[in-house]
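Asker: Next up is a structure, given as C-alpha cells.
The values are calculated or read from the model by the stated rules, or taken from the named source; none is laboratory data. None of the values given here were measured: they were computed from a predicted structure. Here the Cβ is made from the backbone with ideal geometry for all residues, glycine too, and neighbour counts use every protein chain on show. The area values use the complete protein model at the heavy-atom level, side chains included, leaving out ligands, DNA and RNA. Shrake-Rupley method; radii C 1.70, N 1.55, O 1.52, S 1.80 Å.
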Amino acid sequence: MTRLGLLTILLLPLWGQEPPRTEITKWQDGKQACVSLTFDDSSINQFRIGVPLLNERGLPATFFVVTGNIPGSRYRAAFAGRPIMDILRESEKVPTTKDNLFERTSLLNYLRTAQRVPEINDFNAQRLSRFIRDGNFEELGRLVDAFLAKLRQTGATYAVRDRERNPSEFNWEAFRRFAAQGHEFASHTVTHPYLTALDEVNIAYEIEKSIEDIREHLGPRHTFSIECPYGIHDERVRPYAESRVPLTRNWVSDHFMEGILRGNPRDPKTSTREYVQWQRGPQAKTPLETMKGWVDTSLDHGVWLVLVFHGIEGIGYEALPTETVRAYFDYIQERAGRIWVATFQEGAKYARERMSSRVTTQRSGDAIEVAVTHSLDPRLYDLPLTARTTIPADWKVVRLRQGSDVRWVPIHREGGNVFLLYRIMPNGGVARLEKGS
C-alpha cells in the first residue's frame with residue numbers, strides 16, 4: 001500500500017470521508033464570469049443618464065476622467081519643458097529631426113488644442129501616427145517644420161497660459177458622491193492628448209498631474225487604474241503609465257492573463273491562459289444583439305469582459321441611445337446570478353490575488369481552519385476572495401470566524417458534494433469554520 005493510501009485510511013475515521021479541501025473560485029462568489037463597465041472621456045451624459053441607470057440596477061462602473069476639465073482641478077492644459085519661444089526661434093535654424101521631433105509635436109499639440117491658435121488649426125497629432133509607426137521621420141520632420149514656420153510668421157509671442165474652463169454641473173464633489181455609491185474613478189490624463197506624439201516630459205505631466213488631482217479629491221483608492229487616450233498601445237508610452245499605476249487598460253501585463261483589446265477580432269475561447277481580459281467597445285451603430293452576444297460569450301467561457309463606453313444620447317464619441325444603454329444594463333443585471341459585475345480595478349485585483357495566493361486547510365476538532373495568504377502589497381490588494389471548502393455531509397449549520405468577522409455560512413449540496421462558498425480575507429488570519437448544532 002502506498003503512503004498516500006495509508007494516510008487516507010488513517011484520516012477517514014476522523015472525518016468519515018476525505019479530508020476537507022479548499023480552492024479559490026475563479027471569480028467572486030463563484031460566479032461564472034466577470035464584466036466591467038468602463039466609461040471614457042467623462043462626457044456629461046455618462047453622469048446625467050448613465051449613473052442613475054447603473055445605480056437603479058446596482059451595477060458599479062469605472063469612469064476614466066479627463067481631470068483638466070473638472071472644476072476645482074489644480075492642473076490644467078500646459079506645455080511642460082523649455083520656453084515656447086526658445087523652441088520656435090531654434091526651429092528657424094535647426095530643422096526637425098528624430099532627436100527633437102517629440103518636443104516640437106508636443107508644442108504644436110498644446111498650441112492647437114489648448115490655445116486654439118488658428119494658423120495651425122489643421123494640425124492633428126493622431127495623423128502623425130503613420131509616420132511614427134513607419135519610422136518616416138524625414139517626411140514627418142518636413143510637416144512639423146511647415147507648422148512651426150506658420151507660427152513664426154505670425155510674429156506673435158507664445159507662452160503657457162491658463163484658459164477658462166467650460167462650466168459643468170459635475171465636479172469633484174459630485175464624483176465623491178458617485179464614488180461612495182461604489183463607482184471607481186481613474187485617470188484619462190489631464191487633457192486627453194494623443195500621447196504617442198508627445199515627448200517624455202509632457203507624457204509624464206499628463207499622467208502624473210491627473211493622478212495627483214484624483215488623489216487629492218477622491219483619495220488613493222482611485223489612483224489604481226489609467227487608460228491612455230485613444231486606446232494606444234505605444235511601447236514608448238507604456239513604461240510611463242505602468243510605472244505610475246498598478247493597472248492600465250491599454251496593456252495587459254499579467255503573465256497568466258491573455259489580453260484581447262478593442263479592435264482585435266480574436267475569439268477569446270482560443271486562449272489557453274487561466275484568465276482572458278476581452279475588451280469590446282460598443283459604438284453608435286453596434287447592434288444590441290451583438291452587445292448581448294459579448295455577455296453570453298463571457299458566460300460560456302469564463303472570461304473577463306471589459307466593456308468600453310463613450311458617449312450617451314448624442315453627447316460624446318460614438319454616443320449610444322439611452323434606450324440601448326438601458327436595455328443593455330437590464331440584460332447584464334438579469335444575469336447577475338452568474339456574472340460578477342466589478343469595477344476595472346476589482347476585476348484585476350481579484351485575479352492577481354487569486355493567482356498569488358497560498359491556501360491551507362486543516363481539521364481542528366469540530367471545525368475546519370482555512371488560511372489564505374499572498375505576498376502582494378496589502379495597501380493595494382485588499383479585496384476578499386471567495387473560497388470553496390468541502391465539509392462533512394452531516395454538517396447542517398456552519399459559523400465562520402475570521403478576526404472580527406463572524407457570520408453564518410450557507411451550505412451547498414450539489415451532485416453528492418457538500419461544500420461552503422464564502423468570502424475570506426487574504427492575510428487576514430485563519431478563518432475558522434465551526435460546526436453548529
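Asker: So if I check each of Ile214, Ile232, Ile260, which one is buried (at least 22 other Cβ atoms within 10 Å of the Cβ) and of a type in the set (Val, Ile, Thr)?
Answerer: Details: Ile232 fails: buried (at least 22 other Cβ atoms within 10 Å of the Cβ); Ile260 fails: buried (at least 22 other Cβ atoms within 10 Å of the Cβ).
Every option except Ile214 fails the conditions.
Asker: So Leu288 ticks every box in (1) touching a residue at least 24 places away in the same chain (Cβ under 8 Å); (2) touching a strand residue (DSSP E or B) at 6+ places or on another chain (Cβ under 6 Å) but one. Which box is left unticked?
Answerer: In the conditions (1) touching a residue at least 24 places away in the same chain (Cβ under 8 Å); (2) touching a strand residue (DSSP E or B) at 6+ places or on another chain (Cβ under 6 Å), Leu288 misses (2) alone.
Asker: Further question on the same structure: Every residue in the range 185-205 that is open to solvent by 20 Å² or more (accessible area, probe 1.4 Å), touching a helix residue (DSSP H, G or I) at 6+ places or on another chain (Cβ under 9 Å) and within 13 Å of Arg76 (Cα to Cα), please.
Answerer: The answer is Thr191, His192.
Asker: What strands (runs of 3 or more DSSP E) lie completely within the range 368-437 and have 3 or more residues being more than 24 Å from Ala33 (Cβ to Cβ)? Write out each step before concluding.
Answerer: Details: elements: 385-390, 398-402, 405-409, 411-414, 417-424, 431-435.
The qualifying strands (runs of 3 or more DSSP E) are 398-402, 405-409, 431-435.
Asker: In the range 291-313, what residues are among the small types (Gly, Ala, Ser) and without any contact (Cβ under 8 Å) to a residue 24 or more places away in the chain?
Answerer: Selection gives Gly293 alone.
Asker: Could you tell me whether Ile226 is free of Cβ contacts under 8 Å to residues at least 40 places away in the same chain, surrounded by 17 or more Cβ atoms within 10 Å (Cβ to Cβ) and touching a Ser or Thr at 6+ places or on another chain (Cβ under 7 Å)?
Answerer: Values: free of Cβ contacts under 8 Å to residues at least 40 places away in the same chain: no; surrounded by 17 or more Cβ atoms within 10 Å (Cβ to Cβ): yes; touching a Ser or Thr at 6+ places or on another chain (Cβ under 7 Å): yes.
So Ile226 fails the test.
Asker: Any residue in the range 240-248 that is over 24 Å from Phe131 (Cβ atoms), among the hydrophobic types (A, V, I, L, M, F, W, C), out of contact with any Ser or Thr (no Cβ under 8 Å at 6 or more places or on another chain) and part of a loop (DSSP other than H, G, I, E, B)?
Answerer: Checking the range 240-248: not a single residue is over 24 Å from Phe131 (Cβ atoms), among the hydrophobic types (A, V, I, L, M, F, W, C), out of contact with any Ser or Thr (no Cβ under 8 Å at 6 or more places or on another chain) and part of a loop (DSSP other than H, G, I, E, B).
Asker: Moving on. Show the residue pairs meeting these rules: Cβ distance below 8 Å; 6+ apart or different chains; first residue within the range 202-223 and free of Cβ contacts under 8 Å to residues at least 60 places away in the same chain and farther than 12 Å from Ala186 by Cβ; second residue surrounded by fewer than 17 Cβ atoms within 10 Å (Cβ to Cβ) and not aliphatic (A, V, I, L, M).
Answerer: Filtered contacts from the range 202-223: Glu208/Arg244.
Asker: Which of the following residues is surrounded by fewer than 17 Cβ atoms within 10 Å (Cβ to Cβ), at pLDDT 95 or above and touching a helix residue (DSSP H, G or I) at 6+ places or on another chain (Cβ under 7 Å): Arg48, Arg57? Break it down into steps so the answer makes sense when it comes.
Answerer: Working: Arg48 fails: touching a helix residue (DSSP H, G or I) at 6+ places or on another chain (Cβ under 7 Å).
Of Arg48, Arg57, the one residue that is surrounded by fewer than 17 Cβ atoms within 10 Å (Cβ to Cβ), at pLDDT 95 or above and touching a helix residue (DSSP H, G or I) at 6+ places or on another chain (Cβ under 7 Å) is Arg57.
Asker: Right, something else. All but one of (1) open to solvent by less than 40 Å² (accessible area, probe 1.4 Å); (2) touching a Lys or Arg at 6+ places or on another chain (Cβ under 9 Å); (3) over 16 Å from Gln126 (Cβ atoms) hold for Glu208, so report the exception by its number.
Answerer: (1)
Asker: Okay, moving on. Quickly run through the range 78-106 and pick out the residues that are under 30 Å from the mean Cα position of the chain (by Cα) and within 17 Å of Ala149 (Cβ to Cβ).
Answerer: Once the filter is applied, which keeps residues that are under 30 Å from the mean Cα position of the chain (by Cα) and within 17 Å of Ala149 (Cβ to Cβ), the range 78-106 yields Glu103, Thr105.
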